[in-house]
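For reference, the structure discussed in these notes is given below.
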Amino acid sequence: MFKTKSKVLKFLVLSLIVCCTFLAVGVVNSQRLPFNKVQLISSTKETYKHKLASELLPEIGIAKRYDMHFDHLLGTLIGKGDDLKLYARFRKMFIREIGWQQFKDAYAKRLETDFSEDELKELLNLSKQPLMQKLLQSEFNAYEDTSKQRFRIGFELWENYNNGKIDLPLE
């Protein structure tokens, strides 16, 4: 008899706790917090800063160069790069899985954090100037021009490390 009363009592207490929880959740969800003008202006500014930062990244070439960095990683993974079809397939996989599209918002958020709205506007204007575009294109061309050399040297470095010819520096 005592066991039955104990079980019923436990069931009632548990039911009461569940009902109170649902009631509390319902009350909280039914209350809407007021959205004041300061929050609206702040939210709009953050959205505008994000838009500016997102526009700036392709203009300064970061979006274009980001996926190019996989070439050197693939050189380490695949080897000398003799099989260009395999290399191209791996590159597409890297771009699909961990490419620019996966990280562009994080890059934009970093710009939002590091620069004011006015600074982002100024950088965007600078990036559209012909001389700045020429500088950015020159840097991109230099990166491409040295790509094969970096690829070869990186492969040799990795091979030498794996063959015990090069040690890691001490901490």
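Subtracting the Cα-Cα distance of Glu159 and Asp83 from their residue separation scaled by 0.36 nm leaves 25.5 nm.
Glu122 contributes an accessible area of around 120 Å² to the protein surface, as traced by a 1.4 Å probe with all chains present. Computed over protein heavy atoms with a 1.4 Å probe, the carbon and sulfur contribution to the accessible area of segment 102-171 reaches 54%. Annotation: per residue accessible area for segment 39-171 equals 73 Å², rounded to a whole number [probe 1.4 Å, protein chains only]. Hey, with R₀ at 35 Å, roughly what FRET efficiency would Asn125 and Asp145 work out to, going by the Cβ-Cβ distance, to 0.05? For R0 = 35 Å, the calculated efficiency reads 0.75. Bin width 5 Å, origin at 0, all Cα-Cα pairs of segment 45-121: what percent of pairs per bin? For segment 45-121, the pair-distance distribution reads 3, 16, 22, 16, 13, 10, 9, 6, 4, 1, 0. Legend: distances between Cα atoms for Lys49/Lys85; Lys121/Lys148; Lys51/Lys134; Lys49/Lys148; Lys134/Lys165; Lys92/Lys134; pairs beyond 32 Å are Lys49/Lys85; Lys121/Lys148; Lys49/Lys148; Lys134/Lys165.
The values are calculated or read from the model by the stated rules, or taken from the named source; none is laboratory data. Everything numeric here is computed off the predicted structure, so don't read it as measured data. FYI the Cβ positions are ideal-geometry reconstructions off the backbone, even for glycines, and counts take in every protein chain you see. Protein only, heavy atoms only, side chains kept; ligands, DNA and RNA dropped before computing areas. Shrake-Rupley method; radii C 1.70, N 1.55, O 1.52, S 1.80 Å.
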